[in-house]
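First comes the structure, then the notes that go with it.
The values are calculated or read from the model by the stated rules, or taken from the named source; none is laboratory data. A quick note: this is a predicted structure, and the numbers were derived from the prediction, not measured. Every residue, glycine among them, receives a Cβ derived from its backbone with ideal geometry; neighbour counts consider all protein chains shown.
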Amino acid sequence: MQTTPTQTPAADAPPWLRHARVLATLLLLAALAALGVRHAGDLHRLLEARPQDVAAMALCVLGIRLLHGEIVRRTLAEIGHRLPGFEVFALSVLAAVPNFFVPRSGFGTLALALRARHGVPLAVSSSLVLPLAALDFIFIAATGLAVQIGVVGLDHPHAPVIALIFGVVLLAGCAGLLVRVPLRLPFGPPRVRAFFERFDAAWAELRGSRRFLLRASVLLAGICALRIVRLALAFAALGYTPDLAGLVVASLLGDLMFLLALTPGGLGLREAAIVYCADLAGVTPDASLAAALLDRLVMMGSILVIAQLSAWRLFGGRRA
């Protein structure tokens with residue numbers, strides 16, 4: 001007998017723990033909002049954003065979602081589950097929506113959808129998270145560290161702290177990808193042991209595939225590049241011209257905050273990282289906050305529209 005989608009670790013957590021998580025998230029968001037008010041002087045320029053730049057940002061969001069869906073599709077194919085490209089894309093976009101409200105819920109939602117529609121075991125789809133996250137962290141941190149040290153330098157006030165963050169994340173990502181820790185349990189409920197055995201087998205297969213590592217790295221590089229372009233367009237839409245190297249560092253540091261997802265969709269954390277890098281980008285913190293918020297609004301709006309169209313295309317032909 002299979003577990004139902006509601007039988008998840010989050011659902012089994014004690015009520016006090018769930019309430020504590022919600023309270024901690026709300027307090028963090030409140031603190032970030034209080035800090036953001038100090039740099040809200042340019043927010044009025046959001047109403048004057050150039051439409052052509054905003055449209056180009058929306059196209060970047062679409063490109064990012066297409067590449068993300070392709071990563072998931074190719075990774076599933078690598079471990080024996082070949083699925084239609086559009087369906088994986090549509091499900092990955094739909095799974096991104098809950099992440100706006102519940103931190104780190106996107107991939108879990110996608111895993112449940114893949115099991116419900118194609119019988120992909122939760123352990124197998126869950127095994128995608130570790131290698132993809134490790135590769136993403138490695139690429140972002142290595143690129144950010146190289147640009148920080150090789151181009152921007154360490155003379156700016158926040159530069160040493162940013163370089164340290166990239167260095168720590170790079171080491172953690174490499175450790176996550178290279179260190180082999182068997183996950184097979186010698187005891188416990190049969191269902192739990194079977195889950196970890198399938199997870200461990202799929203994880204080992206992905207780690208040992210050079211083809212997977214190469215393809216995933218190229219696609220993740222494309223996603224990072226599109227995020228940088230999207231942020232650059234956000235600055236341009238508001239009439240700002242940041243330094244390119246500083247912009248790259250700001251976007252990559254924001255990506256790390258987005259991946260950590262301590263708040264829903266990394267809300268506030270990505271924006272805080274971009275504002276923190278304002279000096280490196282040669283713009284004011286007020287300008288960085290306005291551009292970061294425009295980037296957030298376009299990303300969320302575009303995903304909601306793409307998700308609605310994907311749902312209509314995926315489920316619209318079905319009638320009771």
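How many residues are modelled with pLDDT of 90 or more and crowded, with 16+ Cβ neighbours inside 10 Å when one looks only at the stretch 160-177?
7
Out of (1) closer than 27 Å to Ala146 by Cα; (2) modelled with pLDDT under 95, what's the single condition that is false for Arg319?
(1)
For the subset of the stretch 267-320 comprising residues that are touching a residue at least 12 places away in the same chain (Cβ under 8 Å) and among the polar types (S, T, N, Q), which member is farthest from Ala159 (Cα to Cα)?
Ser310
Return yes when Leu233 is buried (at least 20 other Cβ atoms within 10 Å of the Cβ) and within 22 Å of the chain's Cα centre (by Cα) and no when it is not.
It is true that Leu233 is buried (at least 20 other Cβ atoms within 10 Å of the Cβ) and within 22 Å of the chain's Cα centre (by Cα).
Please go through (1) in contact (Cβ under 8 Å) with a residue 40 or more places away in the chain; (2) within 22 Å of Pro157 (Cα to Cα) for Pro264 and return the number of the only condition it doesn't satisfy.
(2)
What number goes with the only condition from (1) over 21 Å from His68 (Cβ atoms); (2) modelled with pLDDT of 70 or more; (3) out of contact with any Lys or Arg (no Cβ under 6 Å at 6 or more places or on another chain) that Val218 does not pass?
Only one criterion in (1) over 21 Å from His68 (Cβ atoms); (2) modelled with pLDDT of 70 or more; (3) out of contact with any Lys or Arg (no Cβ under 6 Å at 6 or more places or on another chain) is unmet by Val218, namely (1).
For the stretch 24-81, which positions are closer than 17 Å to Ala237 by Cα, exposed (fewer than 12 other Cβ atoms within 10 Å of the Cβ) and of a type in the set (D, E, K, R)?
Answer for the stretch 24-81, where residues must be closer than 17 Å to Ala237 by Cα, exposed (fewer than 12 other Cβ atoms within 10 Å of the Cβ) and of a type in the set (D, E, K, R): just Glu48.
Return a yes/no flag: does the stretch 210-227 have any residue that is among the hydroxyl-bearing types (Ser, Thr, Tyr) and crowded, with 16+ Cβ neighbours inside 10 Å. So that I can check it myself, show each step before the final result.
Residues of the stretch 210-227 that are among the hydroxyl-bearing types (Ser, Thr, Tyr), as a first pass: 217.
Those still in the list that are crowded, with 16+ Cβ neighbours inside 10 Å too: none.
No, every residue in the stretch 210-227 fails to be among the hydroxyl-bearing types (Ser, Thr, Tyr) and crowded, with 16+ Cβ neighbours inside 10 Å.
Select from the stretch 39-61 the residues that are free of Cβ contacts under 8 Å to residues at least 24 places away in the same chain and more than 16 Å from Ala287 (Cβ to Cβ) and write down the one among them that is nearest to the chain's Cα centre (by Cα). Walk me through how you get there before you give the answer.
Looking only at the stretch 39-61, we keep the residues that are free of Cβ contacts under 8 Å to residues at least 24 places away in the same chain, and these are 44, 47, 51-52, 55, 59.
Then drop every residue that is not more than 16 Å from Ala287 (Cβ to Cβ), which leaves 51-52, 55, 59.
Details: Pro51: 26, Gln52: 25, Ala55: 21, Leu59: 17 Å.
Checking each candidate, the answer is Leu59.
Which residue out of Ser92, Ser105 is surrounded by 15 or more Cβ atoms within 10 Å (Cβ to Cβ), modelled with pLDDT under 75, within 23 Å of Leu314 (Cα to Cα) and of a type in the set (Gly, Ala, Ser)? Break it down stepwise before answering.
On the way: Ser92 fails: modelled with pLDDT under 75.
Of Ser92, Ser105, the one residue that is surrounded by 15 or more Cβ atoms within 10 Å (Cβ to Cβ), modelled with pLDDT under 75, within 23 Å of Leu314 (Cα to Cα) and of a type in the set (Gly, Ala, Ser) is Ser105.
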